[in-house]
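Enquirer: There's a structure below that I have some questions on.
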Amino acid sequence: MLEKLLITGAAGVVGRLVSDKLSHVAKSVRLSDIAEPADLREDEEFIACDLGDRDGVDRLVAGCDGVLHLGGVSTEQGFGKILNANIVGVHNLYEAARRHGQPRILLASSNHVVGFYRQDERLDANATHRPDGWYGVSKSFAEAVALMYFHKFGQETAMVRIGSCFPEPVDVRMLSTWFAPEDFIALVERVFAAPRLGCPVIYGVSDNDATWWDNSDVAYLGWRPRRNSGDFAAKVAATAAAPDKDDPVALYQGGKFAAGPIIED
Ligand code: NAI
Ligand code: 15L
């Protein structure tokens with residue numbers, strides 16, 4: 001079990017879904033974000049920090065033996081916003097980790113690293129990157145940083161290309177990309193408990209009937225997602241319109257991100 005797990009991005013969607021459910025992973029948890037989580041309890045340690053603040057990130061990482069790195073810009077945005085949180089922030093995190101005993105890192109990467117593959121293609125960990133916007137490029141950068149620190153210093157990282165981590169799938173694409181929060185929690189446990197991690201790509205996805213991604217390269221982690229988006233298929237069919245087959249939402253794995261414009265700062 002970890003002594004202290006740092007969770008960045010703790011006030012975000014995923015942070016709020018998982019951060020109070022990791023008592024089997026770490027004896028204590030340090031939460032951080034630029035914004036204070038709405039439901040912060042008095043007994044929780046919270047440190048406000050902008051990931052672009054090098055010294056602040058250094059202080060955050062000190063004393064932690066694991067990092068769940070969720071913080072940063074999570075949608076397509078102008079390059080300036082992405083640069084601070086997802087590029088400078090990742091640099092600051094890995095430099096702090098190098099200075100503070102190389103805590104194992106679970107990096108929240110994204111399916112948008114490979115968003116320009118078609119939905120009829122099947123990908124494994126070796127798929128060449130095809131980012132679908134600046135957000136996807138920033139996650140591609142983060143994976144490159146993780147690999148560089150692994151090969152140079154032995155820093156271990158799980159590069160988790162999350163599909164869609166929300167309480168339930170709400171549209172047709174999410175029937176393939178859905179990552180149930182409880183499957184994410186199970187993955188966090190395996191990543192920090194595994195005797196050897198390395199620096200693998202892991203597709204963050206549940207055991208859905210429909211799937212684009214193959215995780216056989218990380219069978220050694222012993223992680224078994226249990227949830228299946230198929231349980232929601234009838235609800236999705238009743239509530240979400242099926243997109244036209246030529247709509248980018250139905251064509252590319254990245255869905256609407258692949259069709260989006262460049263956002264100017
Ligand atoms: P979110 O946008 O709800 O949460 C991200 C958090 O990062 C926010 O609370 C925000 O305040 C914080 N943040 C933004 N800029 C920051 C900065 N400069 N310094 C410190 N904190 C900053 O995103 P969500 O959905 O919780 O995702 C968590 C992580 O997982 C993100 O890195 C996202 O890119 C990644 N991801 C999430 C997916 C999902 O389906 N929810 C899918 C693929 C990747
Ligand atoms: C992501 O990377 C985003 O952070 C999340 O908000 C969703 O849009 C998700 O991908 C997705 O592709 O569904």
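The values are calculated or read from the model by the stated rules, or taken from the named source; none is laboratory data. No experiment lies behind these values; they were computed from the predicted model shown. Here the Cβ positions follow ideal geometry from the backbone for every residue, glycine too, while neighbour counts run over all protein chains shown. Side chains included, ligands, DNA and RNA excluded: accessible areas come from the protein's heavy atoms. Shrake-Rupley method; radii C 1.70, N 1.55, O 1.52, S 1.80 Å.
Enquirer: Among (1) under 17 Å from the mean Cα position of the chain (by Cα); (2) of a type outside the set (F, W, Y); (3) at pLDDT below 95, where does A38 come up short?
Expert: (1)
Residue-wise test of (1) touching a Phe, Trp or Tyr at 6+ places or on another chain (Cβ under 7 Å); (2) free of Cβ contacts under 8 Å to residues at least 60 places away in the same chain.
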site: G15; (1), (2): no, yes
site: L22; (1), (2): no, no
site: V25; (1), (2): yes, no
site: V29; (1), (2): no, yes
site: D33; (1), (2): no, yes
site: D43; (1), (2): no, yes
site: I47; (1), (2): no, yes
site: G52; (1), (2): no, yes
site: D58; (1), (2): no, yes
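Enquirer: Restricting to the stretch 10-33, name every residue that is part of a loop (DSSP other than H, G, I, E, B), open to solvent by less than 50 Å² (accessible area, probe 1.4 Å) and either out of contact with any Asp or Glu (no Cβ under 9 Å at 6 or more places or on another chain) or more than 16 Å from ligand 2 (Cβ to nearest atom) (or both).
Expert: L22, V25
Enquirer: Can I ask one more? Which numbered condition in (1) open to solvent by 50 Å² or more (accessible area, probe 1.4 Å); (2) on the phi > 0 side of the Ramachandran plot is the only one that E264 fails?
Expert: (2)
Enquirer: While we're looking at this one, here's another question. Across the stretch 15-32, which residue is nearest to ligand 1 (Cβ to nearest atom) among those that are in contact with a Ser or Thr (Cβ under 7 Å, 6 or more places away or on another chain) and closer than 19 Å to A85 by Cα?
Expert: Going through the qualifying residues, I end up with S32.
Enquirer: A further question follows. Mind checking whether some residue in the stretch 74-84 is closer than 29 Å to R190 by Cβ and hydrophobic (A, V, I, L, M, F, W, C)?
Expert: Looking through the stretch 74-84, none of the residues is closer than 29 Å to R190 by Cβ and hydrophobic (A, V, I, L, M, F, W, C).
Enquirer: Name the residue, out of E36, E42, E76, that is among the charged types (D, E, K, R), more than 21 Å from C199 (Cβ to Cβ), assigned to a loop (DSSP other than H, G, I, E, B) and within 16 Å of ligand 2 (Cβ to nearest atom).
Expert: That would be E76, the only listed residue that is among the charged types (D, E, K, R), more than 21 Å from C199 (Cβ to Cβ), assigned to a loop (DSSP other than H, G, I, E, B) and within 16 Å of ligand 2 (Cβ to nearest atom).
Enquirer: Which members of the stretch 157-174 meet the condition of being surrounded by fewer than 21 Cβ atoms within 10 Å (Cβ to Cβ) and over 28 Å from V236 (Cα atoms)?
Expert: Selection gives nothing.
Enquirer: Do we have G66 as farther than 25 Å from H129 by Cβ and in contact (Cβ under 8 Å) with a residue 60 or more places away in the chain here?
Expert: Spelling it out, G66 is indeed farther than 25 Å from H129 by Cβ and in contact (Cβ under 8 Å) with a residue 60 or more places away in the chain.
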